[in-house]
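Below is one structure, written out as structure tokens; comments come after it.
Derivation of every value follows stated rules applied to the coordinates shown; laboratory data play no part. The model shown is predicted, which means the values in this text are computed figures rather than measured ones. With ideal geometry, Cβ positions are generated from the backbone for all residues, glycine too; neighbour counts draw on all protein chains shown.
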Amino acid sequence: MGIPMALFPVKPWWRRRRFWWPLAAAVILGTTFWLALARTDTSRIVIYNNTDGTLDDLVVTACGQSRTFRDVESGASVRFKLAPSGVESAISISVNNAAPWQGDYIEPKGGYRALIHINRNGDVECRTSLSAWF
């Protein structure tokens with residue numbers, strides 16, 4: 001005597017787990033890829049304050065765009081996302097109205113990332129990288 005099939009009904013294809021798990025994984029993977037690709041064209045500047053004090057007026061200028069950050073504490077960082085308009089140029093930083101520091105080349109779009117460290121002795125280190133999605 002066999003087991004009646006009424007005790008184990010067969011689910012329709014759209015209610016089975018073997019359909020939903022791969023579909024969810026594909027949607028998550030596609031969304032992640034799309035977000036990463038959409039963000040590759042924007043250029044960003046990140047400045048780290050590695051000094052022992054607070055930077056009262058930190059002025060960052062690049063690609064015809066300027067931004068002033070006030071009261072950047074020791075150990076903190078600030079971010080500057082460049083608008084896609086403007087011309088390529090060097091990064092310029094002025095701290096507390098001192099003579100500006102001229103840094104690496106950057107473009108307003110194209111996926112440039114500039115990591116700038118302002119150290120204790122006043123030295124400025126800049127590392128610029130380009131997005132690998134091209």
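Positive end of the dipole of the chain (Cβ unit charges, origin at the Cα centre): among Leu58, Ala83, Ile106, the Cα lying farthest that way belongs to Ala83.
Amide H contacts for Thr51 (H built 1.01 Å from N in the peptide plane; partners 5 or more residues away or on another chain; cut-off under 5 Å): Gly75.
Estimated at 0.36 nm per residue, the fully extended path between Ile28 and Val59 surpasses their Cα-Cα distance by 7.2 nm.
Restricting the stretch 96-133 to chymotrypsin sites (Phe, Trp or Tyr not before Pro) that sit in a DSSP loop and have at most 15 other Cβ atoms within 10 Å of their own Cβ leaves Trp133.
If you wrap the stretch 33-78's Cα atoms in a convex hull and average its projection over all directions, what's the area in nm²?
4.1 nm²
If you wrap the Cα atoms of the stretch 46-134 in a convex hull and average its projected area over all directions, you get 5.5 nm². Between the Cα long axis of helix 17-38 and the first principal axis of the chain there is an angle of about 20°, rounded to the nearest 10.
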